[in-house]
Amino acid sequence: MQVNEVDVRRRVESIARILASHLGTIELVGVSGGTVKIRFLGMCTSCGLKEHTLAATVRPALMAIPGVDRVEVIGGGRVSAEAERRLAALGDDGLFRTDSDTLSWAWREVREQERQ
């Protein structure tokens, strides 16, 4: 299935607006087949919670786009597939269960922005 790059761009822009509240952002590096490549920027580059943000917000948001089967981070820290699976398992749909958690809020915000 062909990935609609316009949908990917819109989703990345939605996520970037949310991350901007923490003085960070992401950018779309490219889409190739079912792989989306992103880069963390700003405060996200050195944030200790970057892997949490990737596993709980960024990757689920991008993987929800039809045809996307992989999300790669360019120029950033690495987390093992096992660690990411455990992070994603912390809540429903890869989100933390705590309503006050920023990442859970961010994913809800992304979905709400796209409904408008």
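Applying the condition of being under 12 Å from the mean Cα position of the chain (by Cα) and surrounded by fewer than 18 Cβ atoms within 10 Å (Cβ to Cβ) to the range 36-51 and asking which residue is farthest from Ala61 (Cα to Cα) yields Arg39.
Residue-level check: of (1) free of Cβ contacts under 8 Å to residues at least 12 places away in the same chain; (2) touching a Gly at 6+ places or on another chain (Cβ under 6 Å); (3) not β-branched (Val, Ile, Thr), Ser46 misses just (2).
Residues that are touching a strand residue (DSSP E or B) at 6+ places or on another chain (Cβ under 6 Å) and at pLDDT 85 or above: find the helices (runs of 4 or more DSSP H) completely inside the range 1-91 holding 2 or more of those.
Values: elements: 5-19, 50-53, 59-63, 81-88.
Helices (runs of 4 or more DSSP H) meeting the threshold: 5-19, 59-63.
Scanning the range 11-35 for residues that are surrounded by 14 or more Cβ atoms within 10 Å (Cβ to Cβ) and either more than 17 Å from Lys50 (Cα to Cα) or among the hydroxyl-bearing types (Ser, Thr, Tyr) (or both) yields a count of 7. In summary, Arg11 fulfils each of the numbered conditions (1) among the basic types (Lys, Arg); (2) in contact with a Gly (Cβ under 8 Å, 6 or more places away or on another chain); (3) touching a residue at least 40 places away in the same chain (Cβ under 8 Å) with the single exception of condition (2).
The values are calculated or read from the model by the stated rules, or taken from the named source; none is laboratory data. This is a predicted model, so every value here is computed, not measured. Cβ atoms come from the backbone with ideal geometry, glycine included; neighbour counts cover every protein chain shown.
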